[in-house]
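Working notes for the structure below.
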Amino acid sequence: MKAAVRTFWPAIMLMSMVPVHGMAADPADASAPVADQEYHSPLAGYQRWQYQPPGDWRAANDKVAEIGGWQAYAAEVWEASQQSASEADAAEDAGHHGNH
């Protein structure tokens with residue numbers, strides 16, 4: 001590290017002497033060149049809400065029963081939480097030397 005500082009010290013000193021403030025255009029000068037500005041609205045891709053009639057609730061209930069009911073959804077969440085917990089434990093243990 002000390003050798004790197006010694007090597008680059010002259011370059012760092014030369015760069016610090018460059019008049020950076022002289023490179024920018026004077027904001028009070030009306031004839032100074034100004035870069036064009038573009039505006040992109042975050043709402044440009046907005047799609048208006050459209051009414052969608054409700055579907056057949058009996059068919060929806062049958063589909064949920066076919067999948068496995070609420071227990072299937074609960075199992076998905078539980079499995080995901082177990083996986084993220086084991087990943088967090090692995091990350092916590094990485095790079096440590098025991099419990100000292």
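Any read-out appearing in this document is the output of simple, stated calculations on the displayed coordinates, not a laboratory observation. All values reported here derive from a predicted model rather than from experimental measurement. Neighbour counts run over all protein chains shown; Cβ positions are idealised from the backbone, glycine included.
Side notes on the structure shown:
- Distance between the pseudo-spin-label points of Ser41 and Asp29 (7 Å out from Cα toward the beta carbon): 3.7 nm.
- Taking 0.36 nm per residue of separation and subtracting the current Cα-Cα distance, fully stretching the chain between Ser86 and Lys63 would add 5.1 nm.
- Scaled to the globular estimate 2.2 N^0.38 Å, the Cα spread of segment 24-80, given as radius of gyration, is 2.69.
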